[in-house]
Structure formats: structure tokens, C-alpha cells
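Remarks on the structure that follows.
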Amino acid sequence: METKKPIERTNLLVKIRSQVLTEAGFRCAVPTCRGILALDIDHIWQVSSGGSNDPANLIALCPTCHALRHRGTISEEAIFVYKSMIVSLSHAFDTGTIDKLIFLSKMPDDFLAISGDGVLQFSGLIAADLATVRMKANNKRMLVTYEVRLSENGKHLVNAWRSGDRTALETVLAPSAGST
């Protein structure tokens with residue numbers, strides 16, 4: 001009977017670390033944290049369970065979230081959802097737009113009043129139907145303000161990301177039955 005050689009932990013190549021950190025926008029992948037001061041690279045599927053050093057199996061976590069993950073406070077499913085969201089968002093948007101998505105979700109009045117120039121900052125989210133815009137005020141003296149808020153799709157996406165619930169994420173990302 002042939003015995004399998006145990007998989008050994010090795011140091012990650014700088015190229016792979018850079019790829020995972022860039023994918024996460026040099027922030028913790030946990031949406032309620034997004035810390036930037038110190039980041040660890042963690043294996044989604046642990047090396048001891050056969051996980052590889054492939055970037056698809058790695059996630060950027062701050063030391064606190066990393067410890068919470070290994071204590072079981074952050075579930076395996078949540079880690080999978082956080083990684084899925086980071087990959088999806090980083091391929092669709094720049095890190096500033098991802099930060100704006102989270103920022104809009106934290107607005108206490110559920111919207112942000114901004115000028116026309118400010119609307120352009122949210123154009124990627126508006127085009128992706130994750131945010132909406134409408135004129136709020138026009139005082140006829142060249143001061144026009146707009147209201148930007150998360151769309152229903154945007155709210156569902158952020159809630160699925162924060163909850164770390166794979167079913168909620170799949171529901172948000174799955175095309176509706178009526179669309180083609």
C-alpha cells in the first residue's frame with residue numbers, strides 16, 4: 001500500500017501574495033471589517049485538508065478576522081461567500097467603487113445627496129443597477145443636487161455579502177426566471 005506524502009505548508013510566492021492582496025483591494029475580505037493596517041493570507045481549504053497555494057484558494061484577512069475564522073466565529077461558508085464576492089467585485093469594479101458600495105450601504109438616511117460631479121463617482125454602480133440616482137433639488141441658481149442610494153439589487157448583494165450566506169448570494173447572483 002502506497003502512503004501519501006503529507007502536503008507541506010510552504011511560503012507563498014510574492015507574486016501570489018500580491019495577486020490575492022490586489023484582488024481584495026489590500027483590505028480584509030470580511031465586509032464588516034475591511035481593515036487595511038495588516039493583512040494575512042489564509043487558505044480557504046486548509047493545507048492540512050489538501051488545500052493548495054493557488055490564488056483561488058487564498059483570501060486576505062486581517063489578523064483579527066483570521067483568528068475569528070480559525071476559532072469558528074466566522075464560518076467556512078462565510079469565507080467562501082467573502083471570497084466569491086471579492087473575486088466578483090474586483091473583476092467588475094475598481095477598489096474605490098467597491099468602497100462606495102459599502103459606503104452607500106452604511107448611509108443612515110438610506111441615501112447620499114451630492115452634486116452632479118459626485119454622481120459620476122457612482123456611475124459604475126448605477127450602470128450595474130446596484131445604485132440609483134434621481135434629482136433631489138434644483139434651486140434655479142445652478143445648484144442641482146442628486147440623491148444616490150443602493151438599488152434593491154445593491155441592498156440584496158451587500159446583505160448577502162455581509163451575512164456570508166451562500167444561498168442568499170446565489171439568489172442575488174442567479175438570473176431571474178423571466179429574464180433571457
(request) Kindly provide the set of residues from the stretch 33-50 that are in contact (Cβ under 8 Å) with a residue 40 or more places away in the chain and over 16 Å from the mean Cα position of the chain (by Cα), ordered by number. (result) 47, 48, 50
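Criterion first (on the phi < 0 side of the Ramachandran plot and not in a loop (DSSP other than H, G, I, E, B)) does residue 88 satisfy it?
So residue 88 passes the test.
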(message) Name the residue that is surrounded by the fewest Cβ atoms within 10 Å (Cβ to Cβ), counting only residues in the stretch 52-71 that are under 13 Å from residue 12 (Cα atoms) and not aliphatic (A, V, I, L, M).
(response) 54
(request) Can you confirm whether the stretch 46-56 contains a residue that is outside the structural domain of residue 159 (by TED's automatic domain parsing) and either of a type in the set (Asp, Glu) or touching a Gly at 6+ places or on another chain (Cβ under 9 Å) (or both)? (result) yes
(message) Testing residue 86 on (1) buried (at least 21 other Cβ atoms within 10 Å of the Cβ); (2) in contact (Cβ under 8 Å) with a residue 40 or more places away in the chain; (3) not assigned by TED's automatic domain parsing to the domain that holds residue 21, one condition comes back false. Which one is that?
(response) (3)
(request) Could you tell me which residue of the stretch 89-104 is farthest from residue 173 (Cα to Cα), considering only residues that are surrounded by 20 or more Cβ atoms within 10 Å (Cβ to Cβ) and in contact (Cβ under 8 Å) with a residue 40 or more places away in the chain? (result) 104
(message) For the condition of a type in the set (Val, Ile, Thr), part of a helix (DSSP H, G or I) and either farther than 29 Å from residue 46 by Cα or not assigned by TED's automatic domain parsing to the domain that holds residue 33 (or both), what is the one hit in 172, 148, 133?
(response) 172
(request) Taking residue 117 as the residue in question, decide whether it is part of a loop (DSSP other than H, G, I, E, B), modelled with pLDDT under 95 and closer than 22 Å to residue 146 by Cα. (result) no
(message) Going residue by residue through the stretch 138-150, is there one that turns out to be basic (Lys, Arg) and either surrounded by fewer than 17 Cβ atoms within 10 Å (Cβ to Cβ) or over 20 Å from the mean Cα position of the chain (by Cα) (or both)?
(response) yes
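The values are calculated or read from the model by the stated rules, or taken from the named source; none is laboratory data. Here the structure is a predicted model, which is why all the values come from computation and not from measurement. Glycine gets a Cβ as well: all are built from the backbone with ideal geometry, and neighbour counts include every protein chain shown.
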